[in-house]
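Here is the structure we will look at, set down as structure tokens.
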């Protein structure tokens, strides 16, 4: 059958059925990408620093929000801090009761000016208090995907 | 580099036209399974245009957040224009999360003030109940930071719960102290035929409500619902209906803040709302004490408290005290949510900001019925997108 021969019906052509694998790539931006890659590969946090304004950005930013200067000073920051505030979630997105309440906390980091909202675990809800010292628990290296979920949760120190 | 605020804009403001709201319309807020998105919008547009006494417009701006995600329908500008008999005019959808409605009003204001259009119809419309709860809640979470907040399941309920717990800790309040906001909203909704929840709530009922995400319970929260509201804007000089009080847009202002809550220096300060309010006061030449009623964004009770503080009605940590002192009722120092607010009128997200404007106009026209604020001359509406990342404030005044 030449290329010029017109195919009248799909069965006239040789065909295979199956799935064609495709891959997509998502990037969280230049600074975000470096931040997530560091978590994935080394299990630690990176921040950018504006020396003029004395601000350590975590999660990192490429520009200082105070003086607009480009930030190229990268530092490792500790993955520990304290509970600024927390909530105990009792319902799922469908308003059904969760089998076990989950704790979500806003953790401010000791070595940076920012913080993260993430799960808190290895503790009962009634034992959590504001100001409690916590540290990040990273997933096993082969389970990390390069996202915020590579942190499994924070736990009391 | 010259800072933008240093640029002299005085010359520009001199050529701006004064803008009036010449018509308002709304549908009942609720679960409208039998009515499509376009039909909801149409009902509100028709009501507003009939109220204004106009049959044509130069532009249509549609405030909406979730139509693409929940209804599989984008391109609402042309869609609504087509179905409202306005085919051919300029029409766009405006999106700023839960602030979409007021953002659309803002764009309408800009067009009329800037002499780019004479008559602008603005409609806010949202349908949230055609999808299952998890899908709707996940779609709403798209207004948070997708990489850092929403990725591991934080929703707006949990983000507000974090703020509420911190507020209670920092300023020494108990959960039941937030009750006045819900009680007041439900009380006012009783007399609003368009409100979703027309039943009273007591302090006891508030305290016993089902816990969702501590300390936020069901009665701290606004509902998922459907609705549409519309306004017609025109130059003030052409808006002299002798049978009706003329309502002027004294100020329209926007402020923004970090998208993610964790990036804020103090999460209990709504910096975007402070900026937005301040710009509105400057634009209108008024102070908080001049405001007769405040339609604030009570998506959760904690947001009502923080809004009162950011807008200058209470010092930091005292927004709740204002409510506890009974100052937020119809006859209080600063009446809020006078027709039920987000809590009880309902919170169809992209429509909410327009409902607020409609309700302020009702008050300034003296047509708020049982809920009329005595001698209401200046009213303020503030619509918030996300956890305070986009804040749009309008001040309306009798003219």
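Its Cα gyration tensor gives chain B an equivalent ellipsoid; the semi-axes, largest first and in whole Å, are 30, 24, 22.
Rounded to the nearest 0.05, what FRET efficiency is calculated for residue B:321 and residue A:17 with R0 set to 51 Å and r the Cβ-Cβ distance?
Values: r = 69 Å, r/R0 = 1.35.
The calculated FRET efficiency here is 0.15.
Between the helical axis of A:29-42 and the longest alpha-carbon principal axis of chain A there is an angle of about 80 degrees. Write down the percent of antiparallel bridges among all DSSP beta bridges whose residues are both part of the range A:29-156, to the nearest 5. Expressed as a percentage, antiparallel bridges in the range A:29-156 total about 95.
When the helices of the protein assembly as shown are scored as -39500 (n - 2.57) per DSSP H run of n ≥ 4 and the total is divided over every residue, the value at 222 nm lands at -8000 deg cm²/dmol. Between the range B:267-290 and the range B:135-186, the alpha-carbon centres lie 22 Å apart.
Helix B:349-364 and the longest principal axis of the Cα set of chain B meet at an angle near 70°. Among B:266, B:51, B:145, the largest mean-square fluctuation in a Gaussian network model of chain B, built with springs joining Cα atoms closer than 10 Å, belongs to B:266. Beyond 22 Å, the tail of the calculated P(r) for the range A:6-99 holds 61 percent of the Cα pairs. By its C-alpha gyration tensor, with a ≥ b ≥ c as the square roots of the eigenvalues, how is the range B:259-352 shaped: rounded for a/c under 1.5, else prolate for a/b larger than b/c, else oblate? Rounded, since a/c falls under 1.5. Taking other C-beta atoms within 10 Å as the exposure proxy, B:65, B:142 rank B:142, B:65 from fewest upward. For chain B, the longest principal axis of the Cα atoms and the long axis of helix B:156-171 meet at an angle of about 60 degrees. Taking square-rooted eigenvalues a ≥ b ≥ c of the alpha carbon gyration tensor, is the range A:84-157 rounded, prolate or oblate, where a/c under 1.5 means rounded and, failing that, a/b exceeding b/c means prolate? Oblate.
Working value for the protein assembly as shown: equivalent-ellipsoid semi-axes of 39, 32, 25 Å, each the square root of 5 times a Cα gyration tensor eigenvalue, largest first. Three semi-axes describe the equivalent ellipsoid of the range B:174-314; taken as square roots of 5 times the Cα gyration tensor eigenvalues and ordered largest first, they are 30, 23, 14 Å. When chain B is treated as a Gaussian network with alpha carbon springs shorter than 10 Å, the biggest mean-square fluctuation among B:228, B:41, B:141 belongs to B:141.
Within the range B:206-287, the ratio Rg/Rh, alpha carbon atoms throughout and Rh by Kirkwood, equals 1.12. Within the listed set B:283, B:329, B:350, the residue fluctuating most in the Gaussian network model of chain B (springs between alpha-carbon atoms under 10 angstrom) is B:283.
Seen through its C-alpha gyration tensor, with square-root eigenvalues sorted a ≥ b ≥ c, the range B:282-336 comes out prolate because a/c lies at 1.5 or above while a/b is bigger than b/c. Over all alpha-carbon pairs of chain A, lay out the pair-distance distribution in 5 Å bins, whole %, shortest bin first. Percent of pairs per bin, in order: 2, 8, 14, 14, 14, 12, 9, 6, 4, 3, 3, 4, 4, 3, 1, 0.
FYI, it's all coordinate maths here, none of it is from the lab. Keep in mind it's a predicted model, so treat the numbers as computed, not measured. Virtual Cβ from ideal backbone geometry, glycine too; neighbours counted across all protein chains shown.
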